[in-house]
Amino acid sequence: MKNNIEVGTSTSHDKTQTTEITVSAYYKVHPEDRQIFIDAVIPEMIAANKLEGCIYYAFSQDLRDGNTFHLLEGWRDQEAYERHENSETFLTALSTVVREVRILDREGVRYDILKMHIDDPRGKVS
């Protein structure tokens, strides 16, 4: 079976590519604002994945709480990250979320990566 996943898209799960910057965040939104959040995020996610230097950019809904969303971004370098942070689609999504979505809880962490290690614990079990 051929793998049709494209590198740099939210359907690409190859986290082995080198990233200088990784962002991990979650957002818990008010249930009445959930669709506004989703509608703001989807175009941004699609656009971000097309930016040069985007290794991966994915939002996902929490399996236990439909009003909580997780974000994971991987950027080749600082320049790529800044290109994204200053892009029209990011600023539009950010403006919509800040003005129209009641964020009940949020935490975001940016990691500047010095060295990556591939984690595969499957060898620990027989």
Checked region 73-126 against the a/c 1.5 cut and the a/b vs b/c comparison, axes a ≥ b ≥ c from its Cα gyration tensor; verdict oblate
Determine, for each peptide in 103-114, 60-71, 82-93, the mean count of other beta carbons within 10 angstrom over its residues, then list the peptides with the highest first. 82-93, 60-71, 103-114
Accessible area of the chain divided out per residue, in Å², using a probe of 1.4 angstrom: 68 Å²
Can you send over the carbon and sulfur percentage of the accessible area for the chain, probe radius 1.4 Å, protein chains only? 52 percent
Honestly region 37-126 on the Cα gyration tensor test (a ≥ b ≥ c root eigenvalues; a/c under 1.5 rounded, otherwise a/b vs b/c for prolate or oblate) is just oblate
Heavy-atom accessible area order for M116, M45, largest first, 1.4 Å probe: M116, M45
Which listed residue (T92, I118, L51) has the Cα farthest towards the positive end of the charge dipole for the chain, taking +1 on Lys and Arg C-beta and -1 on Asp and Glu C-beta about the Cα centre? I118
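The values are calculated or read from the model by the stated rules, or taken from the named source; none is laboratory data. Keep in mind it's a predicted model, so treat the numbers as computed, not measured. All Cβ positions, even for glycine, are placed from backbone atoms using ideal geometry, and neighbour counts span all protein chains on display. When the accessible area is computed, the model is the full protein with side chains, heavy atoms only, and any ligands, DNA or RNA have been set aside. Shrake-Rupley method; radii C 1.70, N 1.55, O 1.52, S 1.80 Å.
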